[in-house]
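The values are calculated or read from the model by the stated rules, or taken from the named source; none is laboratory data. Since the structure is predicted, the reported quantities are computational estimates derived from the model, not experimental observations. Here the Cβ positions follow ideal geometry from the backbone for every residue, glycine too, while neighbour counts run over all protein chains shown. Each accessible area value is taken on the protein alone, full model and side chains, heavy atoms only, with ligands, DNA and RNA left out. Shrake-Rupley method; radii C 1.70, N 1.55, O 1.52, S 1.80 Å.
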Amino acid sequence: MLPSLLILLLPLLLCIAPAHSARYASAKVGYGYRLVSVEETPDGGLLGHLQLNKKSSIYGPDIPYLQLFVKQETQDRLRVHITDAEKQRWEVPYSLLPRDQPPPPSPAVTWSRKTTPPVSVSEYSGSQFIFSYTTNPFTFAVKRKSDGQTLFNSAADDSDPYSTLVFKDQYLEISTKLPADASLYGLGENTQPHGIKLYPNDPYTLYTMDISAINLNTDLYGAHPVYMDLRNVGGKASAHGVLLLNSNGMDVFYRGTSLTYKVIGGVLDFYFFAGPTPLAVVDQYTQLIGRPAPMPYWAFGFHQCRWGYHNLSVVEDVVANYQKAKIPLDVIWNDDDHMDGHKDFTLNPINYPRPKLLAFLEKIHNMGMKYIVINDPGIGINSTYGVYQRGLANDVFIKHDGENFIAQVWPGAVHFPDFLNPKTVEWWGDEIRRFHELVPIDGLWIDMNEASNFCSGKCKIPEGRICPNGTGPGWICCLDCKNITDTRWDNPPYKINASGLQAPIGFKTIATSAVHYNGVLEYDAHSLYGFSQSIATHKALQGLEGKRPFILSRSTFVGSGKYVAHWTGDNQGTWQDLRYSISTMLNFGIFGVPMVGSDICGFYPAPTEELCNRWIEVGAFYPFSRDHANYYSPRQELYQWESVAESARNALGMRYRLLPYLYTLSHEAHMTGAPIARPLFFSFPDYVKTYGLSTQFLLGSGVMVSPVLEQGSTAVKALFPPGTWFSLFDMTQAITSKEGQYVTLDTPLHAVNVHAYQNMIIPMQQGGLISREARKTPFSLVVTFPAGAQETQAKGQLFLDDDELPEMKLGGGSSTYIDFYATLSQGKVKLWSQVQEGEYALKNGWIVQKVSVLGLEGVGASDLEIDGAAENVEMSVSPQNVLAPLSDVQDAKSSMIVEISGLKLPVGKNFALSWKMGTKG
Ligand code: MIG
C-alpha cells in the first residue's frame, strides 16, 4: 500500500508554505524600452523597434533591441509579437502549431528611421480592436472598438509591483491592468480549490509535470497559457480571450487588478480574441490553435479501466459483470498489466497470452465493444527488445552531451523518443503499426508524457547491480545519477514555482540541458513533449486503417485538442476531488480539449460507497466518462456495490439516451470549438450569479447537470437561470422564473438532476448497454417551450455519421445533418425538420418515433396533421408541474405535455407536424 500512497502524497508532503506572498511584493525588475521606429508593413501589419532604456542587474543581461510586430490577423484576432530584433529566438515550432510567421529579425543598423518618434500614428485599428501605444517607456493597450473598453494595458505606474516590459534571454516579464470586477478563467492545467473562476493571489504556474491532480494550485500535466476575461458593464457582458503562445515555464501572477507573466524563455507572442461571447472566444481560439479532434461515437460510451487487471481472465470477468449488472459499457482498458516487463508494445506471455487475447478481442469487437491500452514514452533499454533496437538504429532518442539521455520509468532504464525529430515520428508510427498487428487495439492511452522520470539529473545504468531489482517499488530511482546544476538551463536565474515549491525544472523529468532534433533545448521544448507525442500518435493511428483515432493523453499543450482527449490525471477518492473535477473539466473546454473527464470514483485510495454513487452521477455526464483506479486501490467497478450499480444504471441510462445529443455536440465542438461541457455563463453571460458557479454545468447550450457533491446530502441547492427548465428524468416537473433563482432539489442517493432549458429540441434515443445498439434504436424529440408562453419557438440539431471515417463532416455521403424547428403561435404547434444529406440516415433506417412537447398551455390538443409516414399514431396530453417563485405566482399555472407516439418519420427526410391546442372555454 505504502509506495503508492507516498507517490501521490510526496508533492503534498514536500509542499511547504508557498513562497508566493513574499514575491508579490517583489521590486521592479527592469526599466523598460522605448519605441524608436514604427512603420506599416505591406501586409497591413505594424513593425516597430524598441531600444532598452537602462540595464538591470538581475536575471541576466537585457536584450538591447527588440522587434515589435502587430497584426490584425482576422476580424476577431489581433497578434502582438515581441522578440529579439537581432536574432531568432525559440518559439513554439511552426511545424507543430501552424500559423503565420512574423517578419524575420533585422539588425538595428538597417532600421528605417523614416518614422522615428514622435510618430504620427499611435494607434492601429482593426475591425474589433484598437491597438495603441506609448513610446517611452513603450507600453501598449488593446481596446475593444465597439465600447472602448481597455482589455489589456501593459503600462506600469510607480506604485505597481511590476515593470513595463523586461526582455532578457531567460526572463521575460509583462503585465496588464485589469478591472477588479473582471472574471477570469483558464491558465492551467491546475486543480483550483476556489472553482473555475481564477482567484486573486492563487499561483498559476505553467510547466508540464507529473504531479498528481490532488495538489492544489500547482503546475500539473498540461500547459495552457490562455485565459478568458468576462466583464459585465451595466448588466451587459462581453468576453475576450488572451493567449500568450510560449512553451517555456512561466509563473502568472493574478492579483485581481493586474496580471503579470514571468516567463523563462521564448518570445512574447500574444493573441487577443475579440469574443464578445464566451462561445465566440473559444471559436476564435480554436480557429487559431486547431479545432477539437473528431471522436468516434463509441468514445461517448462508458469506459472501464484500472491499473492491476493482473490477467486476461480478470478483464473478461469485468466485462461479464457489467453485462450481468446491466450497466452500459463500451470500452474496456488495460493499464500496463498486459505488458511484458512494462515494455511498450509487448504482451506478457503468461498473463496476456496473445491467442487468448485475440479471441477475447474478437468476441468483444463482435459485440461492438472497444479495447484501449496504455503506452508510456520511455523505451526500455534492453538489448533484446526490438522497439529499443529499432529506435537505436534510427537514432530517435533525446540526447544529452551527445549520448542518448537515460531516465528511469516503469521498465527501468529508458530513453525518451524525440518527437520533434521526423525520424522518430516515422519510427513511432512503425512501432504502432507492428503493435496493432500483434493486438488490434482501438485506441491508445499515452501516459507519463510530461515527461515523467523517476530519477533526476544525469544518470547511468549501475554496474554490477540490477535496477530495479524487483524487490522495491518500481518508482524509486535506482540508477546512478548526479544532479546537473552547472548549466543556465538546469539552473536558470529565475525560478518558476515548479511543483509548487520552486523545484529545479529538470527535477523528475528530462534534464533541461538535454537536446532534441536540430539542437532544440529541452529547456524550451519541455512542455511540448506530450503535444508532440500526441501528434505523432495521431498520425500513426490514422495511417493504420484510416479510421478515426481515439487517443487519451495526460500531458497537453495549446493545440492538443486537435489530436487527443484528456483525463485529469491522478485524483483522490474524496468529495473535494469530485468537486474539483468539474472545474478542471470546464477549463479544458476553454482550452480547446472538450473531450475530457476525471477518473470516476477517484484514482486513489478507495472511494466510499456513497461517494462512488455520487461520482458516477457526475461522471456519467463528463464528455469522457471512465472509471479508473490505482494499482493499490480496491476494485471499484460500478457493479462492485449494488447501490452504485443502481445509480450507474440511472445516470448512464440517461447518458446513453442522450448519446445523439452528445455526439451532435462533439460535431459542434469539431466545427466551432464549442465545449461539450460548459460553465453556465456560456449560455447566460449576462447573469452574474453564474460567473463563479463550479458545482453545476451544462452539456451544450442547455442541458444542465446539478449533482450532489456533499457527503450525506440528499438535496441540491441549484441555480436556475431565468427561464423554464424541464427535468429530463421526469418531464412532468419544471422550474421557471423571470429573474433566475436557487431551488433546493430533493436528490436521493440514486438521483441526479438533469434539466433541459427552454427553446430546445433535444434528439434522444432509447439507450442500451452499448452505444452500437443504442444507436440503432428509434429517436424521440423533446421540445421545450417556455412554460405558458403564447408565441415562442424552439430549435435543435442532429449530426449522424459513419464514425469510423477519419473526418467528421458533411459532403461525403456518409453523414447526415438535421435542423429541427418548432413554433407555437396562436395556439398552433408546428414541428418540422430540414435535412442535409439525408441518404446516410435513410440507409441506416433511423426513424423518429415519438415527440414530446413540454411547457404548453391549453385544454387538450387536436387536428394533428403529419406530413410524413405515420401509423397507429397516438396523441396524449398530460399535466406538468411548474415550480415558480412566489413573486411569479401568477405565471405559475401548470402547463402540459403533448406526446405523439407511434410515429415512423424517417430521420433522413424532411417532415412536418402540427396540431392545435384547445383554448379554455
Ligand atoms: O506512475 O500506468 O496517471 O492513470 O494508472 C503511474 C499507471 C503511471 C499514471 C496515470 C495513471 C495510471 C498509472 N500511471
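So which residues in segment 451-470 are hydrophobic (A, V, I, L, M, F, W, C) and within 16 Å of the ligand (Cβ to nearest atom), if there are any at all?
Those that are hydrophobic (A, V, I, L, M, F, W, C) and within 16 Å of the ligand (Cβ to nearest atom): ALA451, PHE454, CYS455.
Residue check: is GLU642 more than 16 Å from the ligand (Cβ to nearest atom), open to solvent by 40 Å² or more (accessible area, probe 1.4 Å), modelled with pLDDT of 95 or more and of a type in the set (Asp, Glu)?
Taking the combined requirement at face value, the residue satisfies it.
Given LEU357, LEU329, which one is in a loop (DSSP other than H, G, I, E, B), away from the ligand (no atom under 16 Å from the Cβ) and at pLDDT 95 or above?
Criteria check complete, one pass: LEU329.
Right, LEU611: hydrophobic (A, V, I, L, M, F, W, C) and within 24 Å of ILE762 (Cβ to Cβ) or not?
No, not satisfied.
Do we have TYR171 as open to solvent by less than 10 Å² (accessible area, probe 1.4 Å), under 32 Å from the mean Cα position of the chain (by Cα), over 26 Å from VAL282 (Cβ atoms) and not small (Gly, Ala, Ser) here?
Here the answer is yes, as TYR171 does meet what is asked.
What about GLY740, is it under 29 Å from MET228 (Cα atoms), open to solvent by less than 20 Å² (accessible area, probe 1.4 Å) and either in contact (Cβ under 8 Å) with a residue 60 or more places away in the chain or among the hydroxyl-bearing types (Ser, Thr, Tyr) (or both)?
No; evaluated as a whole, the condition is false for this residue.
Are there any pairs with C-beta distances below 7 angstrom linking a residue in segment 608-635 that is open to solvent by 10 Å² or more (accessible area, probe 1.4 Å) to a residue that is assigned to a helix (DSSP H, G or I) and within 16 Å of the ligand (Cβ to nearest atom), with the two at least 6 apart or on different chains, and if so which?
TYR631/SER4; TYR632/SER4
Contact list please: Cβ distance under 9 Å, first residue in segment 665-685 and aromatic (Phe, Trp, Tyr), second residue open to solvent by 30 Å² or more (accessible area, probe 1.4 Å) and part of a helix (DSSP H, G or I), pairs at least six apart or on different chains.
Sorted first by the residue in segment 665-685, then by its partner, the pairs are PHE681/VAL688; PHE682/LEU279.
Look at TRP427 and say whether it is aromatic (Phe, Trp, Tyr), within 16 Å of the ligand (Cβ to nearest atom) and in contact with a helix residue (DSSP H, G or I) (Cβ under 7 Å, 6 or more places away or on another chain).
No; evaluated as a whole, the condition is false for this residue.
If MET671 meets every condition in (1) open to solvent by 20 Å² or more (accessible area, probe 1.4 Å); (2) hydrophobic (A, V, I, L, M, F, W, C); (3) not in a helix (DSSP H, G or I) apart from one, which number is that one?
Condition not satisfied by MET671: (3).
Quick check on this structure: which one of ARG554, ARG548, ARG488 is modelled with pLDDT of 95 or more and over 30 Å from ALA293 (Cα atoms)?
ARG488
In this structure, is THR257 touching an Asp or Glu at 6+ places or on another chain (Cβ under 7 Å) and among the β-branched types (Val, Ile, Thr)?
no
Hey, can you tell me all the residues within segment 788-813 that are open to solvent by less than 30 Å² (accessible area, probe 1.4 Å) and either modelled with pLDDT of 95 or more or assigned to a strand (DSSP E or B) (or both)?
Passing the criteria: THR792, ALA794, GLY796, LEU798, PHE799, LEU800, ASP801, ASP803, MET808.
For segment 440-452, check the following and say yes or no: at least one residue is farther than 30 Å from ASN491 by Cα and open to solvent by 40 Å² or more (accessible area, probe 1.4 Å).
Scanning segment 440-452, I find at least one residue that is farther than 30 Å from ASN491 by Cα and open to solvent by 40 Å² or more (accessible area, probe 1.4 Å), so the answer is yes.
Quickly run through segment 207-220 and pick out the residues that are under 19 Å from ASP524 (Cβ atoms) and either within 16 Å of the ligand (Cβ to nearest atom) or at pLDDT below 95 (or both).
THR208, MET209, ASP219
Among the candidates GLU86, GLU73, single out the residue that is at negative phi and in a loop (DSSP other than H, G, I, E, B).
Going through GLU86, GLU73 in turn, just one is at negative phi and in a loop (DSSP other than H, G, I, E, B): GLU86.
How many of the residues in segment 607-639 are out of contact with any Cys (no Cβ under 8 Å at 6 or more places or on another chain), over 13 Å from GLY301 (Cα atoms) and away from the ligand (no atom under 16 Å from the Cβ)?
Adding up the residues that qualify gives 8.
Could you say which residue among ASP336, ASP330, ASP344 is of a type in the set (Asp, Glu), surrounded by 19 or more Cβ atoms within 10 Å (Cβ to Cβ), in contact (Cβ under 8 Å) with a residue 60 or more places away in the chain and over 17 Å from CYS305 (Cβ atoms)?
Of the residues listed, the single one that is of a type in the set (Asp, Glu), surrounded by 19 or more Cβ atoms within 10 Å (Cβ to Cβ), in contact (Cβ under 8 Å) with a residue 60 or more places away in the chain and over 17 Å from CYS305 (Cβ atoms) is ASP344.
Please go through segment 544-572 and give me each residue that is more than 13 Å from the chain's Cα centre (by Cα) and more than 16 Å from the ligand (Cβ to nearest atom), ordered by number.
LEU544, GLU545, GLY546, LYS547, ARG548, PRO549, PHE550
Could you tell me whether segment 599-606 includes any residue that is over 27 Å from THR747 (Cβ atoms) and either open to solvent by 10 Å² or more (accessible area, probe 1.4 Å) or not acidic (Asp, Glu) (or both)?
The answer is no, given that none of the residues of segment 599-606 is over 27 Å from THR747 (Cβ atoms) and either open to solvent by 10 Å² or more (accessible area, probe 1.4 Å) or not acidic (Asp, Glu) (or both).
Being modelled with pLDDT under 95 and either assigned to a strand (DSSP E or B) or more than 22 Å from LYS495 (Cβ to Cβ) (or both): is that true of ASP147 here?
yes
List the residue pairs whose Cβ atoms are under 6 Å apart, where the first residue sits in segment 138-166 and is among the charged types (D, E, K, R), the second is in a loop (DSSP other than H, G, I, E, B), and the two are 6 or more positions apart or on different chains.
From segment 138-166, the pairs are LYS145/GLN128.
Which one of these is assigned to a loop (DSSP other than H, G, I, E, B), within 16 Å of the ligand (Cβ to nearest atom), more than 30 Å from ALA299 (Cβ to Cβ) and of a type outside the set (Ser, Thr, Tyr): PRO473, PRO493?
The match here is PRO473.
Among (1) open to solvent by less than 30 Å² (accessible area, probe 1.4 Å); (2) out of contact with any Gly (no Cβ under 7 Å at 6 or more places or on another chain); (3) away from the ligand (no atom under 16 Å from the Cβ), which single condition is ASN518 missing?
(1)
Could you count how many residues in segment 652-664 are among the aliphatic types (A, V, I, L, M) and either open to solvent by 10 Å² or more (accessible area, probe 1.4 Å) or without any contact (Cβ under 8 Å) to a residue 24 or more places away in the chain (or both)?
Count: 0.
Here is a yes/no grid of residues against (1) touching a Cys at 6+ places or on another chain (Cβ under 8 Å); (2) surrounded by 19 or more Cβ atoms within 10 Å (Cβ to Cβ); (3) assigned to a strand (DSSP E or B); (4) aromatic (Phe, Trp, Tyr):
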| residue | (1), (2), (3), (4) |
| --- | --- |
| GLU39 | no, no, yes, no |
| GLY44 | no, no, no, no |
| SER56 | no, yes, no, no |
| TYR59 | no, yes, no, yes |
| ARG79 | no, yes, yes, no |
| ILE82 | no, yes, yes, no |
| VAL92 | no, yes, no, no |
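Filter segment 591-613 down to the residues that are more than 20 Å from the chain's Cα centre (by Cα) and aliphatic (A, V, I, L, M) and list them by number.
Once the filter is applied, which keeps residues that are more than 20 Å from the chain's Cα centre (by Cα) and aliphatic (A, V, I, L, M), segment 591-613 yields ALA606, LEU611.
Do the conditions hold for ALA320, that is, is it over 29 Å from PHE507 (Cα atoms), free of Cβ contacts under 8 Å to residues at least 60 places away in the same chain, more than 28 Å from the chain's Cα centre (by Cα) and more than 16 Å from the ligand (Cβ to nearest atom)?
For ALA320, the condition - over 29 Å from PHE507 (Cα atoms), free of Cβ contacts under 8 Å to residues at least 60 places away in the same chain, more than 28 Å from the chain's Cα centre (by Cα) and more than 16 Å from the ligand (Cβ to nearest atom) - is met.
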